[in-house]
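Report on one structure; see the data block that follows.
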């Protein structure tokens, strides 16, 4: 199974080194792995379809005085989950939404590099 983020990679390493046996059964490893995966996910590249969706959304946001509609936010959340493997929730927090946009734009730029 491929790693979704750094949490998965650390889990694989600790199992390989048998460090998971040192700490016992409930050391909080699962929660820590999930937190690390959410905080430091491994990104994939966007597919052509995802790029088109992102281009439409980002164009509407730029042209529409940077307000993100609920529909756009839902589309952004679907893209984010598909690309990063992390489920986010609808938010009225502007900085949270901006971070999602930054993350997606970074992947878009990386995908479009030749």
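Among the residues of the stretch 1-27, those identified as closer than 27 Å to residue 87 by Cα and at pLDDT below 75 are 1, 2, 20, 25, 26, 27. Restricting 83, 76 to those that are modelled with pLDDT of 90 or more, under 15 Å from the mean Cα position of the chain (by Cα) and not assigned by TED's automatic domain parsing to the domain that holds residue 13 reduces the list to 76. From the list 61, 57, 53, the one residue that fits, being at pLDDT below 85, more than 22 Å from residue 5 (Cβ to Cβ), assigned to a helix (DSSP H, G or I) and touching a helix residue (DSSP H, G or I) at 6+ places or on another chain (Cβ under 8 Å), is 61.
Return the residue satisfying two criteria in turn: it lies in the stretch 64-79 and is in contact with a helix residue (DSSP H, G or I) (Cβ under 7 Å, 6 or more places away or on another chain) and assigned to a helix (DSSP H, G or I), and of such residues it is surrounded by the most Cβ atoms within 10 Å (Cβ to Cβ). So that I can check it myself, show each step before the final result.
We begin by selecting, within the stretch 64-79, every residue in contact with a helix residue (DSSP H, G or I) (Cβ under 7 Å, 6 or more places away or on another chain); these are 68, 72-73, 75-76, 79.
Of the ones still in play, those that are also assigned to a helix (DSSP H, G or I) are 72-73, 75-76, 79.
Working: 72: 18, 73: 19, 75: 17, 76: 23, 79: 21.
So, considering only residues that are in contact with a helix residue (DSSP H, G or I) (Cβ under 7 Å, 6 or more places away or on another chain) and assigned to a helix (DSSP H, G or I), the one surrounded by the most Cβ atoms within 10 Å (Cβ to Cβ) is 76.
Across the stretch 30-50, the qualifying residues are those that are assigned to a loop (DSSP other than H, G, I, E, B) and in contact with a helix residue (DSSP H, G or I) (Cβ under 8 Å, 6 or more places away or on another chain), and the one among them that is surrounded by the most Cβ atoms within 10 Å (Cβ to Cβ) is 46. Can you pull out every residue in the stretch 95-104 that is more than 12 Å from the chain's Cα centre (by Cα) and either touching a residue at least 12 places away in the same chain (Cβ under 8 Å) or surrounded by 11 or more Cβ atoms within 10 Å (Cβ to Cβ) (or both)? Within the stretch 95-104, 96, 97, 98 meet the criteria.
The values are calculated or read from the model by the stated rules, or taken from the named source; none is laboratory data. Not measured: the values here are computed from a predicted model. Methodologically, a virtual Cβ is constructed for each residue, glycine included, from the backbone with ideal geometry; neighbour enumeration extends over all protein chains shown.
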